[in-house]
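Chemist: This is the structure I want to talk about, given as structure tokens.
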Amino acid sequence: MSNIIDIKNLDKSFQNNEGQDLSVLENVNLTLQEGEIVALLGKSGSGKSTLLRIIAGLVPASSGDVLYRGAPITGPAKEVSMVFQSFALMPWLTVLQNVELGLEAQGMARDERRTKAIEAIDMIGLDGFESAYPKELSGGMQQRVGFARALVVNPDLLLMDEPFSALDVLTADNLRGDLLELWGEKKIDTKGILFVTHNIEEAVIVADRVLIFSSNPGCIQAELKIDLPYPRDESSQTFRRYVDQVYTAMTARPGETDLQRRLRKMQSIGLDYRLPNIEVTELLGLLYSMDEYDAKIDLPELAEELHLDIDELFPLIETLELLEFAKAAHGDIELTQAGRSLAKADILERKEIFAAHIKQHVPLIQHICHVIDGRRGHKVSEERFLTRLEDHFTEKEAERVLATAIDWARYAELFAYDYNTGMMSLEDPE
Amino acid sequence: MRKTNFYQKSGATFAFNPWDLIALVLILFLFVLLAYGATQMSKPFNIGQPIKISLDPIYLPIYGLQSVLRMLLAMVFSLLFTFIIGSWAAKSKHAERVVVPAIDVLQSVPVLGYLSITVTGFIALFPGSLMGPEFCCIFVLFTAQVWNMALGFYQSLKTIPDDIVEAARMLNLTPWQRFWRVEVPFAMPNLLWNMMMSMSQSWVFLTLSEAIQVAKQNIQLPGIGSYIFNAIRQGNIHAIMYAIIAMFVVIFLYDQLMFRPLLKWAEKFKFEKMPDEKPSRAWFTSVLQRTQLLRYMSLIFSKWGNAFINIRFTKRTYQEKNSADNGRLMRMAVALFYCLVAVLVVFSVVVFSRFIFSTLGWHDFFHAILLTLASAARIVATLLVSSIIWVPIGVWIGRNPKLAKLAQPIVQFCAAFPATLIYPLAVILILKFNLSINIWSTALIIMGSQWYILFNVIAGTSSMPKEIYFAAKNFNVKGWLWWKRVILPGIFPYYVTGAITAAGGAWNLTIVAELVSWGKHTFAAFGVGSYITEYTNSGDFHRVALGIGLMCVFVLLFNWLIWRPLYNLAETRFRIN
């Protein structure tokens, strides 16, 4: 069987303002065979979208081999098309003109491309909307235009960047089903599909293989073959077992003891730790919900009850673990003693516990407090920490990480922050 | 909604309906008019031989037509410049570093400056023909129009969302296709808005560019501008009134026939529809839409457009390459480019300063600085007075949706109407009551630039979320507290935008407002505007260069020290999303 995509030892890093390399993807190896649908699953910031863009030819790799049908990828290939999370339709073109655009780029004559576009529009179930503008359509219909635009050029490989995540549950189900039908009944000539998602169920419904990404820097942590016939029944025992397996793969590192886990944490967390983008109120909300359970909680169950997808759930869990309010392993999670007492505390106690924990476990906050304490007048500009963080992150990410730290510390009343001047201080506001 | 299968080739029946006739007549008439105007413009001419400008109102329609034609030609050149230079700056980071600041500076050069340096060259280029002065006039109008368009286009291109750019790349559009299918449509609403502003701004300089008074030359091109010039020189109040009426009609027509339909058309380019935005109306569009003719024409246009966008020679097998531009040749070219820029900068500084100081001493220099300071004070006063008058009125109008809807087109119209036309009337008053020109020239500047503040204050007030007003009412926030905590911070971003536009216009207006005349009377205010005008007329180019140079420096200082910080403050702290 021939491979559509071959990736060997791929590395990708971006440069920050000072020219230092920030690694995004490390040592990624991947193949996509003919007739396969592969899902790239991971938390946000794990580099899975970057990997998709490297395969698309939109972004060059830093090192390693990236081959499409045996030839290195140097730019967007004509045989590869892409579906975007945000649809990326041209709002000034009608549905028909949007679908025609790819054919126009191939230099096809006007009448011919019109016929082909109308065929694609009919196939995806959009007939009657040819002359509509995208903004007249609902999100689901817009994404159908996105699919028609991608499929009209008869792509050999279809790439999809979280294609259903901007849609509501029912619409996403519907569109997913239609795509699988086109694929299963060979109504399209496409030989392979590679897609990025952060929805575990979606990955298990659609893919033949799921590749699970870990972050910082991104690499493939685990691979899972889904051996189920289409259409897949989401309530079946085997389906649930696959979902559980994914959760387990995402939380546990096989064979790691508690001590090893602590050691890893101590080693890996420094100022360069990428604080998850979590609001304190979200975290507390999760704690209260978890406090209602007496023992270990099954993560898929928790996710379903709180309507959280993994992009929301895993950063929360990571934060709980970081602050030692909870422990997660093998697809389960459990509150620690500190976590329980935090959930039961009143407002003032809550702030005290929270303050103690972030000061102890978040090196960045520890560092800021230390600097402020050491200063005369107990005042420091945020610039100082931003420059420091930019050694490890891009400018935007550095700002985000610092904003998160400030947000947590303000809640804990560790220090005050003035938006206009960017000064952090021990003083209370006037 | 009516279902139209417009992609079907047959089926469309071209039965004539009465609206076709009306549209046909209107459009043919427009063609004939434009053609006639063009033939009038290429008549032979010798320097020194005066062209007769008649003050008989009968000639006004033809003069008006010729002026409009010049404006439109200038607009065509402005668009070309915008497309080429704007996209060059947006696509090459090397070009960006040079082009954007350059446009910033060019924008601060008063329009008269461009006239004085190019007029002799253009006349020499076409000896014995009116084409020379014509080109000069069009060039001056071009310089009044182009800069904000080019900058706006560049900024639009820089803000195309990443996913749209990626989609275009994935579809393998050629650069040419991408330009017409993605970049121009994306920039269109903003571009049209800037074109409208540019047209308004260039009306003001019509007199200046048609009745060319440089170095004691007196060239008058047939047009409304020259008509006004002569009316002022002869002190003919009737002619001025006729000119005002003619101008009123011209601007009204071009607003209704051109810009309203264009804005209506551009709505489809907007990325998202604002929730409470009403579709704008344009009766001319409605007339055209009722015709079969339009459908037929749009078919032809889409065919032409298709042929143009998919033109053969751009279609060589295009394959984008990701390899960075680290080719040796490329790097050398870049290095050469920067060297060239550096040499040019040094060369210009030397030439410019030697040119000025070859005849002028420090005394002249300080005198000119004093003049510029006086003009700067006038600009500040203009902004203060306009704000005190128009902010409360604008808020009042903006709070009343019906009134705002009524007022918006009127204010737009006022902004488009060249204030210079009212100047003669004001001068008559100054003459009659023996007023001080040093003070009242400020009033003249206000007349031209106040509308931008009013316009933006209305827009800001009416676009504030209604919940904020409800909340203020709920907490019983009233009086000064309401102004201080609710409305002034709320409209601040809009106000700053308006003030920046007003200030930019005001600097240019000092040229025409600080030196005014009526019949044999001429009033010159103490300021750099009158300084530049006077020495342009008498042909003392050293002083003209000094005046223009100082004005540029001041405009740029204003921008860097006041407007940029204010704008950033507005964007970061006061922008309501």
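Chemist: Given the options A:Glu413, A:Glu383, A:Glu399, name the one that is charged (D, E, K, R), surrounded by fewer than 16 Cβ atoms within 10 Å (Cβ to Cβ), under 23 Å from A:Leu323 (Cα atoms) and more than 25 Å from the chain's Cα centre (by Cα). Break it down into steps so the answer makes sense when it comes.
Modeler: Values: A:Glu383 fails: under 23 Å from A:Leu323 (Cα atoms); A:Glu399 fails: more than 25 Å from the chain's Cα centre (by Cα).
Selected residue: A:Glu413, the only one of A:Glu413, A:Glu383, A:Glu399 that is charged (D, E, K, R), surrounded by fewer than 16 Cβ atoms within 10 Å (Cβ to Cβ), under 23 Å from A:Leu323 (Cα atoms) and more than 25 Å from the chain's Cα centre (by Cα).
Residues checked against (1) surrounded by 15 or more Cβ atoms within 10 Å (Cβ to Cβ); (2) in a loop (DSSP other than H, G, I, E, B); (3) modelled with pLDDT of 85 or more; (4) among the small types (Gly, Ala, Ser):
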| residue | (1), (2), (3), (4) |
| --- | --- |
| A:Gln245 | yes, no, yes, no |
| A:Thr248 | yes, no, no, no |
| A:Glu256 | no, yes, no, no |
| A:Leu259 | no, no, no, no |
| A:Arg262 | no, no, no, no |
| A:Gly285 | no, no, yes, yes |
| A:Met290 | yes, no, yes, no |
| A:Glu321 | yes, no, yes, no |
| A:Arg350 | yes, no, yes, no |
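Chemist: Return yes when A:Ile54 is in a helix (DSSP H, G or I) and within 29 Å of A:Asp309 (Cα to Cα) and no when it is not. Full working, then the answer.
Modeler: Numbers: in a helix (DSSP H, G or I): yes; within 29 Å of A:Asp309 (Cα to Cα): yes.
So A:Ile54 fits the description; yes.
Chemist: Sticking with this one: Mind telling me which of the residues B:Ile388, B:Ile397 ends up being touching a helix residue (DSSP H, G or I) at 6+ places or on another chain (Cβ under 7 Å), at pLDDT 75 or above and more than 14 Å from chain A (Cβ to nearest Cβ)? Spell out the reasoning first.
Modeler: Details: B:Ile388 fails: touching a helix residue (DSSP H, G or I) at 6+ places or on another chain (Cβ under 7 Å).
Step by step, each of B:Ile388, B:Ile397 is checked, and only B:Ile397 is touching a helix residue (DSSP H, G or I) at 6+ places or on another chain (Cβ under 7 Å), at pLDDT 75 or above and more than 14 Å from chain A (Cβ to nearest Cβ).
Chemist: Let me ask you something else. Could you list, in sequence order, the residues of the stretch B:537-551 that are touching a residue at least 12 places away in the same chain (Cβ under 8 Å) and surrounded by fewer than 20 Cβ atoms within 10 Å (Cβ to Cβ)? Walk me through it before giving the result.
Modeler: As a first pass, look at the stretch B:537-551 and keep what is touching a residue at least 12 places away in the same chain (Cβ under 8 Å): B:537-539, B:541-551.
B:Asn537, B:Ser538, B:Gly539, B:Phe541, B:His542, B:Gly549, listed by residue number.
Chemist: So, in the stretch A:51-61, exactly how many residues are touching a Phe, Trp or Tyr at 6+ places or on another chain (Cβ under 9 Å) and either small (Gly, Ala, Ser) or surrounded by fewer than 23 Cβ atoms within 10 Å (Cβ to Cβ) (or both)? Break it down stepwise before answering.
Modeler: Here is the first cut: in the stretch A:51-61, the ones touching a Phe, Trp or Tyr at 6+ places or on another chain (Cβ under 9 Å) are A:51-52, A:55, A:57.
If we keep only those that are either small (Gly, Ala, Ser) or surrounded by fewer than 23 Cβ atoms within 10 Å (Cβ to Cβ) (or both) too, we end up with A:52, A:57.
Here the count works out to 2.
Chemist: Continuing with the same structure: Give the residue that is nearest to the chain's Cα centre (by Cα), with candidates limited to residues of the stretch B:115-146 that are polar (S, T, N, Q) and over 17 Å from B:Thr533 (Cβ atoms). Even if it seems obvious, please write down each step before you answer.
Modeler: Just the residues of the stretch B:115-146 that are polar (S, T, N, Q), to begin with: B:116, B:118, B:120, B:129, B:143, B:145.
Now drop any that are not over 17 Å from B:Thr533 (Cβ atoms), which leaves B:120, B:129, B:145.
Details: B:Thr120: 25, B:Ser129: 29, B:Gln145: 4 Å.
Here the residue is B:Gln145.
Chemist: For the structure I just gave you, tell me whether B:Ile446 is over 27 Å from the mean Cα position of the chain (by Cα) and under 23 Å from B:Val516 (Cα atoms).
Modeler: Numbers: over 27 Å from the mean Cα position of the chain (by Cα): no; under 23 Å from B:Val516 (Cα atoms): yes.
Criteria not met by B:Ile446.
Chemist: Among the listed residues A:Val95, A:Val145, A:Val196, identify the single one that is buried (at least 24 other Cβ atoms within 10 Å of the Cβ), over 29 Å from A:Asp309 (Cβ atoms) and not basic (Lys, Arg). So that I can check it myself, show each step before the final result.
Modeler: Numbers: A:Val145 fails: over 29 Å from A:Asp309 (Cβ atoms); A:Val196 fails: over 29 Å from A:Asp309 (Cβ atoms).
Checking each option against the conditions leaves just A:Val95.
Chemist: Would a scan of the stretch A:73-86 turn up a residue that is closer than 30 Å to A:Leu275 by Cβ, crowded, with 20+ Cβ neighbours inside 10 Å and at the interface with chain B (Cβ under 10 Å from one of its Cβ atoms)?
Modeler: Yes, the stretch A:73-86 contains at least one residue that is closer than 30 Å to A:Leu275 by Cβ, crowded, with 20+ Cβ neighbours inside 10 Å and at the interface with chain B (Cβ under 10 Å from one of its Cβ atoms).
Chemist: While we're looking at this one, here's another question. Please work out if A:Ala356 is under 26 Å from A:His198 (Cβ atoms), at pLDDT 85 or above, out of contact with any Pro (no Cβ under 7 Å at 6 or more places or on another chain) and aliphatic (A, V, I, L, M). First the steps, then the outcome.
Modeler: Numbers: under 26 Å from A:His198 (Cβ atoms): no; at pLDDT 85 or above: yes; out of contact with any Pro (no Cβ under 7 Å at 6 or more places or on another chain): yes; aliphatic (A, V, I, L, M): yes.
When the stated conditions are applied, A:Ala356 does not pass them.
Chemist: I'm trying to understand the selection: among the residues of the stretch A:42-62, which are modelled with pLDDT of 90 or more and away from chain B (no Cβ under 14 Å)?
Modeler: A:Leu51
Chemist: If you don't mind, there's one more thing I want to ask. Can B:Pro185 be described as under 23 Å from B:Phe77 (Cα atoms), touching a helix residue (DSSP H, G or I) at 6+ places or on another chain (Cβ under 6 Å) and not in a helix (DSSP H, G or I)?
Modeler: Values: under 23 Å from B:Phe77 (Cα atoms): yes; touching a helix residue (DSSP H, G or I) at 6+ places or on another chain (Cβ under 6 Å): yes; not in a helix (DSSP H, G or I): no.
It is false that B:Pro185 is under 23 Å from B:Phe77 (Cα atoms), touching a helix residue (DSSP H, G or I) at 6+ places or on another chain (Cβ under 6 Å) and not in a helix (DSSP H, G or I).
Chemist: How do the helices (runs of 4 or more DSSP H) wholly within the stretch B:419-483 filter down when requiring 2 or more residues that are within 30 Å of B:Thr510 (Cα to Cα), touching a residue at least 12 places away in the same chain (Cβ under 8 Å) and among the β-branched types (Val, Ile, Thr): which remain? Steps first, answer last, please.
Modeler: Values: elements: B:423-433, B:437-463, B:466-474, B:479-482.
The helices (runs of 4 or more DSSP H) meeting that bar are B:423-433, B:437-463.
Chemist: Does A:Ala326 satisfy the condition of being in contact with a helix residue (DSSP H, G or I) (Cβ under 7 Å, 6 or more places away or on another chain), of a type in the set (Gly, Ala, Ser) and either more than 19 Å from A:Thr248 (Cβ to Cβ) or modelled with pLDDT of 85 or more (or both)? Walk me through it before giving the result.
Modeler: Values: in contact with a helix residue (DSSP H, G or I) (Cβ under 7 Å, 6 or more places away or on another chain): yes; of a type in the set (Gly, Ala, Ser): yes; either more than 19 Å from A:Thr248 (Cβ to Cβ) or modelled with pLDDT of 85 or more (or both): yes.
For A:Ala326, the condition - in contact with a helix residue (DSSP H, G or I) (Cβ under 7 Å, 6 or more places away or on another chain), of a type in the set (Gly, Ala, Ser) and either more than 19 Å from A:Thr248 (Cβ to Cβ) or modelled with pLDDT of 85 or more (or both) - is met.
Chemist: Which of the residues that make up the stretch B:396-415 are buried (at least 20 other Cβ atoms within 10 Å of the Cβ) and touching a residue at least 60 places away in the same chain (Cβ under 8 Å)?
Modeler: Passing the criteria: B:Ile397, B:Gly398, B:Ala415.
Chemist: Using the structure shown, decide if A:Arg388 is among the charged types (D, E, K, R), in contact (Cβ under 8 Å) with a residue 60 or more places away in the chain and assigned to a helix (DSSP H, G or I). First the steps, then the outcome.
Modeler: Numbers: among the charged types (D, E, K, R): yes; in contact (Cβ under 8 Å) with a residue 60 or more places away in the chain: yes; assigned to a helix (DSSP H, G or I): yes.
Yes: the conditions hold for A:Arg388.
Chemist: Considering every residue within the stretch B:75-91, establish whether at least one is out of contact with any Leu (no Cβ under 6 Å at 6 or more places or on another chain), farther than 17 Å from B:Asn190 by Cα, modelled with pLDDT under 90 and surrounded by fewer than 18 Cβ atoms within 10 Å (Cβ to Cβ).
Modeler: Yes, the stretch B:75-91 contains at least one residue that is out of contact with any Leu (no Cβ under 6 Å at 6 or more places or on another chain), farther than 17 Å from B:Asn190 by Cα, modelled with pLDDT under 90 and surrounded by fewer than 18 Cβ atoms within 10 Å (Cβ to Cβ).
Chemist: In the stretch B:228-273, what residues are away from chain A (no Cβ under 14 Å) and among the small types (Gly, Ala, Ser)?
Modeler: B:Ala231, B:Gly235, B:Ala239, B:Ala243, B:Ala246, listed by residue number.
Chemist: Moving to a separate point now. Just to be sure I understand, how many residues within the stretch A:87-110 are more than 7 Å from chain B (Cβ to nearest Cβ), assigned to a helix (DSSP H, G or I) and free of Cβ contacts under 8 Å to residues at least 12 places away in the same chain?
Modeler: To start, the set of residues in the stretch A:87-110 that are more than 7 Å from chain B (Cβ to nearest Cβ) comprises A:87, A:89, A:93-95, A:97-100, A:103, A:106, A:108-109.
Checking the rest, the ones that are also assigned to a helix (DSSP H, G or I) come to A:95, A:97-100, A:103.
From what is left, the residues that are free of Cβ contacts under 8 Å to residues at least 12 places away in the same chain are A:97.
Number satisfying all stated conditions: 1.
Chemist: Evaluate the stretch A:326-345: report whether one residue or more is in a helix (DSSP H, G or I), free of Cβ contacts under 8 Å to residues at least 40 places away in the same chain and surrounded by 20 or more Cβ atoms within 10 Å (Cβ to Cβ). Quick ask: steps written out before the conclusion?
Modeler: So in the stretch A:326-345, the residues in a helix (DSSP H, G or I) come out as A:337-344.
Next cut, free of Cβ contacts under 8 Å to residues at least 40 places away in the same chain only: A:337-338, A:341.
Subsequent filtering for residues that are surrounded by 20 or more Cβ atoms within 10 Å (Cβ to Cβ) retains none.
The answer is no, given that none of the residues of the stretch A:326-345 is in a helix (DSSP H, G or I), free of Cβ contacts under 8 Å to residues at least 40 places away in the same chain and surrounded by 20 or more Cβ atoms within 10 Å (Cβ to Cβ).
Chemist: Now a separate question. Test A:Ile372 against the stated conditions and say whether it is closer than 14 Å to A:Leu283 by Cα, at pLDDT 85 or above and either surrounded by 15 or more Cβ atoms within 10 Å (Cβ to Cβ) or charged (D, E, K, R) (or both).
Modeler: Numbers: closer than 14 Å to A:Leu283 by Cα: no; at pLDDT 85 or above: yes; either surrounded by 15 or more Cβ atoms within 10 Å (Cβ to Cβ) or charged (D, E, K, R) (or both): yes.
Here the answer is no, as A:Ile372 does not meet what is asked.
Chemist: With the condition kept exactly as written, say whether any residue in the stretch A:167-181 is under 22 Å from A:Ile310 (Cα atoms), in contact with a strand residue (DSSP E or B) (Cβ under 9 Å, 6 or more places away or on another chain), modelled with pLDDT of 90 or more and of a type outside the set (S, T, N, Q).
Modeler: no
Chemist: Filter the stretch B:193-227 for residues that are modelled with pLDDT of 85 or more, more than 19 Å from B:Phe77 (Cα to Cα) and assigned to a loop (DSSP other than H, G, I, E, B); which is nearest to the other protein chains (Cβ to nearest Cβ)?
Modeler: Applying the filter and picking the extreme gives B:Gly223.
Chemist: Being within 26 Å of the chain's Cα centre (by Cα) and among the polar types (S, T, N, Q) is the filter here, so list the residues in the stretch B:449-474 that pass it.
Modeler: In the first step, residues of the stretch B:449-474 are kept if they are within 26 Å of the chain's Cα centre (by Cα); the result is B:449-463.
Of everything in the stretch B:449-474, those that are within 26 Å of the chain's Cα centre (by Cα) and among the polar types (S, T, N, Q) turn out to be B:Ser449, B:Gln450, B:Asn456, B:Thr461, B:Ser462, B:Ser463.
Chemist: Given the conditions (1) crowded, with 17+ Cβ neighbours inside 10 Å; (2) among the charged types (D, E, K, R); (3) more than 21 Å from A:Pro315 (Cβ to Cβ), which single one is not true for A:Lys225?
Modeler: (1) is the only condition that A:Lys225 fails.
Chemist: Quick one: is B:Asn190 at pLDDT below 85 and surrounded by fewer than 20 Cβ atoms within 10 Å (Cβ to Cβ)?
Modeler: Details: at pLDDT below 85: no; surrounded by fewer than 20 Cβ atoms within 10 Å (Cβ to Cβ): yes.
It is false that B:Asn190 is at pLDDT below 85 and surrounded by fewer than 20 Cβ atoms within 10 Å (Cβ to Cβ).
The values are calculated or read from the model by the stated rules, or taken from the named source; none is laboratory data. Fair warning: this is a prediction, and the values are worked out from it, not measured in the lab. As a convention, Cβ positions derive from the backbone with ideal geometry for all residues, glycine included, and neighbour counts pool all protein chains shown.
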